[in-house]
Amino acid sequence: MDLNLTEEQRLIVDSAAEFLAAHSTSAQVRQVTETPGGWDATLWQGLAELGWCGIHTAEEQGGLGLGVVELALLQEQLGRRLACVPYFDSVALAASALRGLAGHPSADAALQELASGAQCFALALPQPTSTAVPARAQPQADGSWQLHGLWPQVGSASLAQQLLLLAHQPNGVWGLWLVPANAPGLRIEALATVDATRLQAQVQAEGVPVSASQLLAQGEALEALLARTRCIAAIALAAEQVGVAQQALDLTLAYTLERQQFEKPIASFQGVKHRCAHMLVAVETARSAVYGAACLADTQPDDATLVRLAAHALSEATQAALYTTREAIQLHGGVGFTWEYDPHLYFRRAQASSQRLAPTHWWLEQVAQQLLDA
């Protein structure tokens, strides 16, 4: 497999790196996280104007018609700059789910809004380790439905104009509903999080009215759609973790070249060199796993193969992000633990992202189960 980027993909990486370096600096990230709302609307508008919101949406729905590789390349750069925008939740998660519903009028219309950046979307994807039923859908005499229940952690729900909510029908079948965020009976409450650069909210429904046309998918087709969506989103999240790991390494190299001990930069000491080299190996190993998984995901593999690809990419990238951010704090010495320096921001993102979608051990268990079944 050739993992070298094409000329077009290199242009995407270079333009994304340049744009985010100018519009998502450390000072800007800190300012956004300390203001009410906690997101950068100006940066989001800039991403929309560049077409990033429709990166892997088909051209018929107003997107760029590219693939998972290009999505991963953007996610890596966004992670590197801790961009305070709902890109992962709206594009990597919600758009990936809506792509699988092409042909449904409501899904197609939603994709067009999402691809243009006119609206943000949030998908209430439950943790696969949870057995709780978050909500239920009750049919009404006139053919409509009402939603009741609680979705405890929905990424970027407080920013979204549209929500994709899962609910159990009376026959025990899951349904996926497209619900406006301002629907009567729907309450969205922002949650305090470890990673202030990414927002989470609790969504509660008390008799929210929805029509039959808002039911996008149900049953086995929905379960298959959510499984593939989780895998694509896992590859995108892994790419973001690579960006976090890369920036942790870059911050460490810059600091160790500047910090002096015994009238020498500490980067010249063999012990420091070895630790930085181990960080580099972790980053490059994770990047190879992510690029390989994204490349093969674009070939439309079967479900079992996609799970293995996602598990490999996410486990490698999460391990790299956790390792490099811890090392960054240690190699920054005493100042590594202070608020004024950036390593703790990346450490928080790495820790929070390690629990998104599902913990690493769950992904490894899926692969182990496949091998045992075989």
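The values are calculated or read from the model by the stated rules, or taken from the named source; none is laboratory data. This is a predicted model, so every value here is computed, not measured. Neighbour counts run over all protein chains shown; Cβ positions are idealised from the backbone, glycine included. Keep in mind that these areas ignore ligands, DNA and RNA; they rest on the heavy atoms of the full protein, side chains included. Shrake-Rupley method; radii C 1.70, N 1.55, O 1.52, S 1.80 Å.
Computed quantities for the displayed model
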read-out	value
Failed item, numbered, when PRO126 is tested on (1) open to solvent by 30 Å² or more (accessible area, probe 1.4 Å); (2) of a type outside the set (Phe, Trp, Tyr); (3) in contact with a strand residue (DSSP E or B) (Cβ under 8 Å, 6 or more places away or on another chain); (4) part of a helix (DSSP H, G or I)	(4)
Criterion: in contact with a Gly (Cβ under 7 Å, 6 or more places away or on another chain), under 30 Å from ARG348 (Cβ atoms) and open to solvent by 60 Å² or more (accessible area, probe 1.4 Å) - qualifying residue of ARG228, ARG187, ARG136	ARG228
Qualifying residues in the range 332-366 (those that are of a type in the set (A, V, I, L, M) and open to solvent by 20 Å² or more (accessible area, probe 1.4 Å)) - the one farthest from the chain's Cα centre (by Cα)	VAL335
Yes/no for ALA282 being assigned to a helix (DSSP H, G or I), among the aliphatic types (A, V, I, L, M) and either more than 15 Å from the chain's Cα centre (by Cα) or under 18 Å from ALA233 (Cβ atoms) (or both)	yes
Tally, over the range 111-123, of residues that are among the small types (Gly, Ala, Ser), modelled with pLDDT under 95 and either open to solvent by 40 Å² or more (accessible area, probe 1.4 Å) or out of contact with any Cys (no Cβ under 8 Å at 6 or more places or on another chain) (or both)	2
Options ALA205, ALA196, ALA217, ALA190; residue that is part of a strand (DSSP E or B) and under 22 Å from the mean Cα position of the chain (by Cα)	ALA190
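Yes/no matrix, rows are residues, columns are (1) surrounded by fewer than 16 Cβ atoms within 10 Å (Cβ to Cβ); (2) at pLDDT below 95; (3) of a type in the set (Phe, Trp, Tyr):
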position: ASP14; (1), (2), (3): yes, no, no
position: GLU18; (1), (2), (3): yes, no, no
position: GLU59; (1), (2), (3): yes, yes, no
position: GLY62; (1), (2), (3): no, yes, no
position: ALA83; (1), (2), (3): no, no, no
position: TYR87; (1), (2), (3): no, no, yes
position: VAL91; (1), (2), (3): no, no, no
position: ARG99; (1), (2), (3): no, yes, no
